[in-house]
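> My questions all concern the structure below.
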Amino acid sequence: MRASALRLTTPLVVGLVVFAAAGCTYQSTPEAPPPTQAVYSPPPDGLGDEATRAWSTWQASGVDDYHYVLSIRCFCPVVTNAKVTVVNGEVVVLDATKDERSFIRSVLTGPPTVESLFRKIAEAEQAADNVSLTFNDAAGVPTALNIDYADNGTDDELYIEVSKFGRGSWPLIN
């Protein structure tokens, strides 16, 4: 009787041991990914102190998706009042006429991102006789750039204004 009891209990004991071992196996908890770190770009060469502080604020904000209205005025045949939408740092919408788009790209030497506005500021601070700047203190976004390339010159001024800046795409209007 002892041998038959042993034969019956042996599979039962082995099964319980296997079952218990399966339930007690070590399962590693996946490690949390490292926190994302903002990628800071150096400021464009030639920025003055005020613009460099604004650049640092802009970079620290980490904003890659935004929209704004860009106005460029000068003594020239084209003036702009364009809506700009930027997603992941790239202009995805530039609501302007063909002539305005060409004019904007020529003035800013590229697509109208906040970074291109800072490049224009650096160029102006190096080349112009008089530069007046205004920034959004919270985001570091340039809101007004008034450039007078030659104090004694006539009709050489350039006025760039950023208004209605916001994060993300333009809100939908019903």
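> Which net charge results for the neighbourhood of TYR159, defined as the other residues with beta-carbon distances under 13 angstrom from its beta-carbon, given Lys and Arg at +1 and Asp and Glu at -1? Don't skip to the answer; put the middle values down first.
Values: positive: ARG73, LYS120; negative: ASP148, ASP155, ASP156, GLU157, GLU161.
So the environment of TYR159 carries a net charge of -3.
> Moving on. Excluding LEU117 itself, calculate the net charge of residues whose Cβ lies under 12 Å from the Cβ of LEU117, where each Lys or Arg counts +1 and each Asp or Glu counts -1. Please list the in-between numbers first.
Values: positive: ARG119, LYS120; negative: GLU115, GLU123, GLU161.
Its environment carries a net charge of -1.
> Computed FRET efficiency, Cβ-Cβ of VAL92 and THR57, R0 35 Å: what is it to the nearest 0.05?
Using R0 = 35 Å, I get an efficiency of 0.90.
> Right, next: For ASN146, what is the net charge nearby, where nearby means another residue's Cβ is under 10 Å from its Cβ and Lys, Arg count +1, Asp, Glu -1?
Summing Lys/Arg as +1 and Asp/Glu as -1 gives -2.
> Mind pulling up the Rg/Rh value for the stretch 49-167? Radius of gyration and Kirkwood radius, both on Cα.
Numbers: Rg = 13.7 Å, Rh = 14.5 Å.
Using Cα coordinates only, the ratio equals 0.95.
> Further, regarding this structure: Could you work out the relative contact order of the stretch 49-167? I mean the mean sequence separation of Cα pairs under 8 Å and 6+ apart, divided by the number of residues, in percent.
30
> Obtain the nm distance between the two label points defined at SER71 and SER132 by a simple spin-label model: each point lies 7 Å from its Cα along the Cα-to-C-beta direction.
1.4
> Another one. Which distance in Å, rounded to a whole number, links the C-alpha centroids of the stretch 66-81 and the stretch 99-142?
Cα centroid to Cα centroid, the span is 11 Å.
Read the figures in this text as sums done on the coordinates, not as results from a lab. Model, not experiment: these values are computed from the prediction. Note: ideal-geometry Cβ built from the backbone for every residue, glycine included; neighbour counts use all protein chains shown.
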